[in-house]
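Values quoted throughout were computed directly from the atomic coordinates according to the rules given, and no laboratory measurement underlies them. From a predicted model like this one, the values you see are computed outputs, not experimental measurements. Glycine gets a Cβ as well: all are built from the backbone with ideal geometry, and neighbour counts include every protein chain shown.
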Amino acid sequence: MKAFFSKSLLIITLIIIFETSTALSQIRIAVLPFQNKDGKLSLNVLSYKLGDSLTTAFKIEDAAEKYFRIVPMDSIEAVLAQMNLDPTNPQYQSDVWKAIVQLNIKYVILGNFNIEADKFLINAYIYDAKTKLAVPEFQARDIFLKEESIMECIPEIINNTLPFFIKK
């Protein structure tokens, strides 16, 4: 009976250690709203729509969170509010990194869009939160789409950035 409990305790301890190490080894990433480089306030809704759609696509690609964990935008916004940082402030782009560090996020997906020749020019990049530099090999650049088909950029962005997180 004593040997049974010892083996059971050992197995339970090993399972806990394995689960803890797996959870700790996950890469924490964040997808931020896309930057509206055109400046039209009416397009700001698109900034959040693109960011949310990309977040959803990443979650679908790794639903079990085996390779990464997406930090929810509301968690980032809560830290920003706690730090009294305002997204409308011109310094927001530099201040958001403080929240990213506080949330222990390793990589950030940032994107932007602009209107060129009646089409949207869309770019997306993976940034290392520690160095604040883009990962050069895994970018989605120069995606040109009409406004009515702008969400078609999401699969292309996933195809270009996901291999960085899920190596096959």
- Task: Whole Å is fine, so just give me how far the alpha carbon centre of the range 99-168 lies from that of the range 44-89.
- Result: 13 Å
- Note on the structure: Surpassing 24 Å at the alpha-carbon level, of the pairs Lys37/Lys132; Lys98/Lys168; Lys59/Lys168; Lys37/Lys119, are Lys98/Lys168
- Note on the structure: Rg from C-alpha atoms of the range 58-168, normalised by the globular rule of thumb 2.2 N^0.38 Å, equals 1.16
- Quick one: what are the phi-derived ³J(HN,Hα) couplings along the range 113-127, Karplus 6.51/-1.76/1.60 with θ = phi - 60°, whole Hz, x for glycine and proline? 8, 8, 9, 10, 6, 6, 10, 8, 9, 10, 9, 9, 9, 9, 10
- Note on the structure: Once amide hydrogens are built 1.01 Å from N within the peptide plane, the residues lying 5 or more places from Leu85 or on another chain with amide H under 5 Å from its amide H are none
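In whole percent, what relative contact order does the range 117-168 give with Cα contacts below 8 Å and a gap of six or more residues?
Taking the mean separation of contacting Cα pairs over the length of the range 117-168, I get 37 percent.
Quick check on packing: order 59-69, 108-118 by the mean number of other C-beta atoms within 10 Å, highest mean leading.
By packing density, highest mean first, the sequence is 108-118, 59-69.
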- Message: Using a Debye calculation, one point per C-alpha and no hydration shell, please list log10 I(q)/I(0) for the range 105-168 at q = 0.15, 0.26, 0.27 Å⁻¹ in order.
- Response: -0.48, -1.07, -1.12
